[in-house]
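Report on the structure given below.
The values are calculated or read from the model by the stated rules, or taken from the named source; none is laboratory data. This is a predicted model, so every value here is computed, not measured. Reconstructed Cβ throughout: ideal geometry from the backbone, glycine too, with neighbour counts over all protein chains shown.
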Amino acid sequence: MDKEIREFFEERKDAWLKKNLKKGISPEEEQKIQEECEDKFCLDNWLLDAASKAGKLYKYIVTHPSKFSHPDSITTPTIFNGTRKSDGFLRTGNCETEIDACGNAALNSKAIDVYKFLSLKFDDGKTVLEHLEQGTERAKEQFHISTASFEEIQKGFICVKQSGEEAKTSGLVKQVYFPIKHDNSSSDYNLLSILTPSGLVFEMKKRINAMSPFLENNKEARQLKKKEEYSENGFDELFDLTKISYGGTKPQNISVLNSNSGGKVYLLPSLPPLLAKRDVRLPRYDFFQNCLWVNNFKENFEALHKLLIIDYNNINIREGIERKILSIMDKVIEQSWRIRKHGTGWSDSESYSNLPVYQKIWLDDVRIEERKSADSSFSDGILSYGSSSNNWLDKVIEELARWIIQTYRNLYRDSGVNLGDDEILPIKKIIMENKEALL
């Protein structure tokens with residue numbers, strides 16, 4: 001007999017004897033019970049009995065009972081055979097769970113035993129049911145018994161998954177319309193019946209219960225925490241759990257796993273995270289695109305536009321244009337200072353890996369020493385424009401001038417003055433003359 005099958009019967013023998021061997025019975029009664037156990041779980045007897053009843057048990061063995069939605073719902077029994085995948089999802093197949101069953105207690109017990117037996121795996125990775133369905137030599141060797149032919153055993157067991165009924169749902173089951181798209185681009189909907197993966201539900205409860213503060217290993221860790229002492233194992237704790245009940249006073253009407261758990265399960269909190277409101281937006285790839293909202297500059301550009309469209313030119317107009325450009329520059333600098341006040345080192349995060357280095361130097365105080373290298377270059381009031389030590393500042397001035405021109409173009413595409421590349425140099429000159437504010 002295969003090791004897995006042998007262990008299967010040993011477990012059931014032990015459980016049956018534990019239930020039926022009472023204290024204080026005579027040796028003769030004990031011997032009789034032992035013999036009854038051996039006879040009950042003898043392969044020849046158990047296999048024939050299970051195979052003859054398997055066809056009637058298909059209604060009860062399920063992985064996704066419908067009765068969790070409504071105890072009166074009746075649907076085609078659903079057995080999901082999921083395979084494990086490293087896809088990061090908590091789903092049937094990615095977690096080892098128990099098979100469930102619906103129906104009365106006697107049938108449930110037998111149904112689960114039969115399905116667990118058929119789910120046992122040989123060393124080739126195939127289950128007992130798969131071997132039976134394929135009629136392999138291995139199955140014929142394992143299930144060669146004196147009480148029935150292999151064909152009888154095979155036919156009886158494979159009926160466990162063959163209800164012979166057309167798949168049907170119930171109006172009492174929760175349902176949702178799911179959109180689908182056809183090849184001809186037309187849209188349609190599938191009406192899906194939402195069933196409960198009861199194995200996952202009660203596996204979660206089992207793991208939460210293992211965190212109970214009343215368990216001895218958790219008690220010790222909690223005592224050490226109170227004393228502010230180190231614990232090698234520590235303990236886990238979940239907050240804001242909600243306990244719900246299935247089946248009321250008769251949890252057995254829902255399923256076996258539900259009955260075994262007293263009809264009580266937990267719900268984890270499923271709420272959106274509470275995010276702290278950020279006063280300033282940090283640039284991910286470009287300060288001028290990510291952090292400067294045109295609406296905040298509309299009044300400034302409107303004032304600049306009124307001066308640019310005047311037909312004549314004199315010193316008052318030129319000085320007015322310069323003041324408007326400086327007012328725009330001031331707002332840009334205010335935004336850069338807000339970013340600097342956010343903290344130091346933020347630009348080293350992976351989230352800001354695409355931000356140009358010159359902007360990191362300009363905006364993050366963690367690189368203030370690099371910024372100061374430009375400060376020393378014009379301590380006498382003269383900036384060595386284009387020198388290597390001031391390369392980051394040159395780029396800021398260049399991009400600020402381009403941003404001013406491009407923003408003006410976008411705002412006054414049809415009615416404004418055509419500012420081209422020739423206008424970058426005079427704007428850069430104005431910014432250069434006030435470069436200290438950028439440091």
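General observations
- Any hit, region 102-120, residues being over 30 Å from the mean Cα position of the chain (by Cα), aliphatic (A, V, I, L, M), farther than 25 Å from MET204 by Cα and modelled with pLDDT under 85: yes
- Residues of region 202-259 classified as under 29 Å from SER66 (Cβ atoms) and of a type in the set (S, T, N, Q), total: 9
- Test for ALA374: is it in a helix (DSSP H, G or I), surrounded by 15 or more Cβ atoms within 10 Å (Cβ to Cβ) and at pLDDT below 80: yes
- Filter result for LEU282 (outside the structural domain of ILE405 (by TED's automatic domain parsing), hydrophobic (A, V, I, L, M, F, W, C), surrounded by fewer than 10 Cβ atoms within 10 Å (Cβ to Cβ) and part of a loop (DSSP other than H, G, I, E, B)): no
- Here is the figure for region 109-139: residues that are out of contact with any helix residue (DSSP H, G or I) (no Cβ under 8 Å at 6 or more places or on another chain) and closer than 23 Å to ALA15 by Cα total 0.
- Test result for ALA276, farther than 30 Å from ASN94 by Cα, in a helix (DSSP H, G or I) and out of contact with any strand residue (DSSP E or B) (no Cβ under 6 Å at 6 or more places or on another chain): no
- Per the listing ILE325, ILE309, ILE339, the residue uniquely closer than 20 Å to THR407 by Cα, out of contact with any His (no Cβ under 8 Å at 6 or more places or on another chain), modelled with pLDDT of 90 or more and of a type in the set (Val, Ile, Thr) is ILE325.
- Residue check for ARG222: at pLDDT below 90, charged (D, E, K, R) and outside the structural domain of ILE112 (by TED's automatic domain parsing): yes
- Leading residue by the ranking (surrounded by the fewest Cβ atoms within 10 Å (Cβ to Cβ)) among those in region 44-97 that are closer than 17 Å to GLN252 by Cα and within 23 Å of the chain's Cα centre (by Cα): HIS64
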